[in-house]
1. For the stretch 1-153, what is one quarter of the convex hull surface built on the Cα atoms, given in nm²?
2. Kirkwood Rh over Cα pairs of the stretch 26-95 into Stokes-Einstein at 25 °C, 0.890 mPa s: D in µm²/s?
3. Considering only protein heavy atoms and a probe of 1.4 Å, how much of the accessible area of the stretch 1-143 is carbon and sulfur, as a whole percent?
4. To one decimal place, what Kirkwood hydrodynamic radius in Å is obtained for the stretch 1-40 from all pairs of distinct Cα atoms?
5. Could you work out the pair-distance distribution P(r) of the stretch 68-116 from its alpha-carbon pairs, with 10 angstrom bin width and percents rounded to whole numbers?
6. If you stretched the chain out fully between Leu135 and Leu32, how much longer would it get, using 0.36 nm times the residue separation minus the C-alpha to C-alpha distance?
7. Of the peptides 62-71, 138-147, how do they stack up when ordered by the mean number of other Cβ atoms within 10 Å, highest first?
8. Set the Förster radius R0 to 41 Å, insert the Cβ-Cβ distance between Arg152 and Asn57 as r into 1/(1 + (r/R0)^6), and round the FRET efficiency to 0.05.
Amino acid sequence: MTLRIIPATLRDLSYIAANLRPQDRAEINCQLDHWSPALLALTALQGFAFVAELDGNPEAGFGAAEQRSGLWIAWSWGTRRMKRCVPGITAHFHAVLGPEVAARGAWRVEARALADNHLALRWLGRLGATQRCLLPAYGRNGQDFFLYDWTREGWNHVSLSKAAGAEATATDADHRRQGRAGARGSLAG
(Lines give C-alpha, C1' and ligand atoms only; values in the text may rest on other atoms or scores of the structure.)
Protein backbone atom coordinates (compact mmCIF):
# COMPACT_ATOMS: atom_id res chain seq x y z
CA MET A 1 0.00 0.00 0.00
CA THR A 2 1.26 3.41 -0.95
CA LEU A 3 0.58 6.27 1.45
CA ARG A 4 1.01 9.90 0.41
CA ILE A 5 0.33 13.07 2.38
CA ILE A 6 -0.79 15.82 0.03
CA PRO A 7 -2.30 19.31 0.34
CA ALA A 8 -6.05 19.03 0.84
CA THR A 9 -8.58 19.90 -1.83
CA LEU A 10 -12.30 20.51 -1.45
CA ARG A 11 -12.99 17.43 -3.58
CA ASP A 12 -10.83 15.09 -1.46
CA LEU A 13 -12.10 16.41 1.88
CA SER A 14 -15.71 16.23 0.67
CA TYR A 15 -15.21 12.59 -0.33
CA ILE A 16 -13.69 11.75 3.06
CA ALA A 17 -16.46 13.62 4.92
CA ALA A 18 -19.13 11.75 2.93
CA ASN A 19 -17.53 8.42 3.90
CA LEU A 20 -16.65 9.03 7.56
CA ARG A 21 -15.94 6.12 9.87
CA PRO A 22 -18.63 5.80 12.55
CA GLN A 23 -16.57 7.23 15.45
CA ASP A 24 -15.70 10.39 13.47
CA ARG A 25 -19.29 10.85 12.32
CA ALA A 26 -20.46 10.54 15.95
CA GLU A 27 -17.88 13.08 17.12
CA ILE A 28 -18.85 15.59 14.41
CA ASN A 29 -22.61 15.04 14.87
CA CYS A 30 -22.46 15.97 18.53
CA GLN A 31 -20.39 19.11 17.93
CA LEU A 32 -22.22 20.64 14.98
CA ASP A 33 -25.95 21.28 14.76
CA HIS A 34 -26.10 21.21 10.97
CA TRP A 35 -23.37 20.00 8.69
CA SER A 36 -22.86 18.38 5.33
CA PRO A 37 -19.75 16.80 3.81
CA ALA A 38 -19.19 19.85 1.62
CA LEU A 39 -19.57 22.29 4.52
CA LEU A 40 -17.24 20.26 6.75
CA ALA A 41 -14.68 20.12 3.93
CA LEU A 42 -14.95 23.86 3.27
CA THR A 43 -14.49 24.63 6.96
CA ALA A 44 -11.41 22.40 7.11
CA LEU A 45 -9.75 24.40 4.32
CA GLN A 46 -9.54 27.53 6.50
CA GLY A 47 -6.03 26.77 7.75
CA PHE A 48 -3.42 24.11 7.14
CA ALA A 49 -5.18 21.11 5.65
CA PHE A 50 -3.75 17.83 4.39
CA VAL A 51 -5.08 14.56 3.03
CA ALA A 52 -3.68 11.10 3.59
CA GLU A 53 -4.08 9.21 0.35
CA LEU A 54 -3.87 5.41 0.39
CA ASP A 55 -3.27 3.79 -3.01
CA GLY A 56 -4.49 6.98 -4.67
CA ASN A 57 -7.72 7.24 -2.67
CA PRO A 58 -8.28 9.99 -0.06
CA GLU A 59 -8.82 8.31 3.31
CA ALA A 60 -8.14 10.93 6.00
CA GLY A 61 -8.07 14.68 6.39
CA PHE A 62 -6.15 16.51 9.08
CA GLY A 63 -4.82 19.95 9.87
CA ALA A 64 -4.96 22.97 12.12
CA ALA A 65 -6.63 26.36 11.92
CA GLU A 66 -5.97 29.57 13.80
CA GLN A 67 -8.90 30.61 15.99
CA ARG A 68 -7.35 33.87 17.13
CA SER A 69 -3.81 35.12 17.44
CA GLY A 70 -1.77 32.39 19.12
CA LEU A 71 -4.62 29.84 19.52
CA TRP A 72 -5.02 27.01 17.02
CA ILE A 73 -7.39 24.04 16.78
CA ALA A 74 -6.10 20.73 15.42
CA TRP A 75 -8.49 18.32 13.71
CA SER A 76 -8.60 14.98 11.92
CA TRP A 77 -11.25 12.67 10.55
CA GLY A 78 -11.36 9.89 8.02
CA THR A 79 -12.86 6.85 6.41
CA ARG A 80 -12.73 3.30 7.73
CA ARG A 81 -9.25 2.99 6.20
CA MET A 82 -7.89 5.93 8.23
CA LYS A 83 -6.26 3.61 10.76
CA ARG A 84 -3.79 2.51 8.06
CA CYS A 85 -2.85 6.17 7.50
CA VAL A 86 -2.14 7.04 11.15
CA PRO A 87 1.64 6.32 11.06
CA GLY A 88 2.09 8.62 8.04
CA ILE A 89 -0.15 11.33 9.52
CA THR A 90 1.79 11.13 12.80
CA ALA A 91 5.11 11.53 10.98
CA HIS A 92 3.76 14.47 8.95
CA PHE A 93 2.36 16.07 12.10
CA HIS A 94 5.80 16.02 13.75
CA ALA A 95 7.82 16.94 10.65
CA VAL A 96 5.60 19.53 8.94
CA LEU A 97 2.29 20.51 10.57
CA GLY A 98 3.54 21.05 14.14
CA PRO A 99 6.57 23.10 13.06
CA GLU A 100 4.45 25.14 10.61
CA VAL A 101 1.94 26.04 13.32
CA ALA A 102 4.77 26.88 15.75
CA ALA A 103 6.42 29.08 13.11
CA ARG A 104 3.14 31.00 12.74
CA GLY A 105 3.35 32.03 16.40
CA ALA A 106 1.04 29.51 18.05
CA TRP A 107 1.16 29.55 21.83
CA ARG A 108 -1.47 26.85 22.18
CA VAL A 109 -2.97 24.19 19.92
CA GLU A 110 -6.11 22.43 21.17
CA ALA A 111 -7.89 19.25 20.18
CA ARG A 112 -11.06 17.72 21.58
CA ALA A 113 -12.17 14.09 21.44
CA LEU A 114 -15.23 12.20 22.61
CA ALA A 115 -14.49 10.69 25.99
CA ASP A 116 -15.41 7.21 24.73
CA ASN A 117 -13.26 7.43 21.56
CA HIS A 118 -10.35 5.49 23.04
CA LEU A 119 -8.41 5.30 19.74
CA ALA A 120 -8.45 9.09 19.37
CA LEU A 121 -7.47 9.62 23.00
CA ARG A 122 -4.53 7.22 22.69
CA TRP A 123 -3.42 8.82 19.42
CA LEU A 124 -3.49 12.34 20.88
CA GLY A 125 -1.19 11.10 23.63
CA ARG A 126 1.16 9.59 21.03
CA LEU A 127 1.18 12.92 19.21
CA GLY A 128 2.53 14.52 22.39
CA ALA A 129 -0.65 16.31 23.44
CA THR A 130 -1.41 16.81 27.13
CA GLN A 131 -4.83 15.79 28.41
CA ARG A 132 -5.99 18.91 30.27
CA CYS A 133 -9.50 18.18 31.45
CA LEU A 134 -12.80 16.44 31.02
CA LEU A 135 -15.43 18.62 29.35
CA PRO A 136 -18.66 17.29 30.85
CA ALA A 137 -21.72 17.59 28.59
CA TYR A 138 -19.66 19.34 25.86
CA GLY A 139 -21.54 17.59 23.05
CA ARG A 140 -24.90 18.95 21.96
CA ASN A 141 -26.61 15.87 23.42
CA GLY A 142 -24.63 15.91 26.65
CA GLN A 143 -21.66 13.81 25.50
CA ASP A 144 -18.44 14.17 27.47
CA PHE A 145 -15.24 15.19 25.71
CA PHE A 146 -11.61 15.50 26.73
CA LEU A 147 -9.58 18.62 25.97
CA TYR A 148 -5.98 18.06 24.87
CA ASP A 149 -3.39 20.64 24.00
CA TRP A 150 0.14 21.38 22.97
CA THR A 151 1.68 24.57 24.32
CA ARG A 152 4.85 26.35 23.30
CA GLU A 153 6.43 25.36 26.64
CA GLY A 154 5.82 21.72 25.74
CA TRP A 155 7.32 22.02 22.28
CA ASN A 156 10.86 21.31 23.44
CA HIS A 157 11.31 19.01 20.45
CA VAL A 158 10.28 21.67 17.90
CA SER A 159 12.88 24.39 17.43
CA LEU A 160 12.02 27.41 15.33
CA SER A 161 14.95 26.59 13.03
CA LYS A 162 13.30 23.21 12.35
CA ALA A 163 10.03 25.05 11.79
CA ALA A 164 11.67 27.25 9.17
CA GLY A 165 12.91 24.11 7.42
CA ALA A 166 9.39 22.74 7.46
CA GLU A 167 8.17 25.85 5.67
CA ALA A 168 10.52 25.05 2.82
CA THR A 169 9.23 21.47 2.76
CA ALA A 170 5.65 22.70 2.53
CA THR A 171 6.37 25.02 -0.40
CA ASP A 172 5.36 23.73 -3.82
CA ALA A 173 7.29 24.07 -7.08
CA ASP A 174 5.98 27.54 -7.85
CA HIS A 175 6.83 28.70 -4.29
CA ARG A 176 3.30 29.76 -3.37
CA ARG A 177 3.36 27.92 -0.03
CA GLN A 178 0.64 25.47 -1.02
CA GLY A 179 1.65 23.18 1.85
CA ARG A 180 -1.38 24.63 3.53
CA ALA A 181 -4.70 24.68 1.84
CA GLY A 182 -7.21 27.45 1.64
CA ALA A 183 -7.17 31.07 2.61
CA ARG A 184 -5.34 32.22 5.68
CA GLY A 185 -8.15 33.07 7.95
CA SER A 186 -9.75 32.15 11.21
CA LEU A 187 -12.13 29.26 11.40
CA ALA A 188 -15.51 30.37 12.64
CA GLY A 189 -15.93 28.85 16.05
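The values are calculated or read from the model by the stated rules, or taken from the named source; none is laboratory data. Bear in mind that the values here come from a model prediction, so they are computed numbers and not experimental data. Every residue, glycine as well, gets a Cβ built from its backbone with ideal geometry; the counts of neighbours run over all protein chains shown. Quick note on the areas: whole protein, heavy atoms, side chains included, nothing else; ligands and nucleic acids left out. Shrake-Rupley method; radii C 1.70, N 1.55, O 1.52, S 1.80 Å.
1. 8.3 nm²
2. 188 µm²/s
3. Whole-percent figure for carbon plus sulfur exposure: 54.
4. On the way: mean 1/r = 0.0885 Å⁻¹.
The answer is 11.3 Å.
5. 22, 46, 29, 4
6. 35.5 nm
7. 62-71, 138-147
8. Details: r = 36 Å, r/R0 = 0.89.
Working from the Cβ atoms, E equals 0.70.
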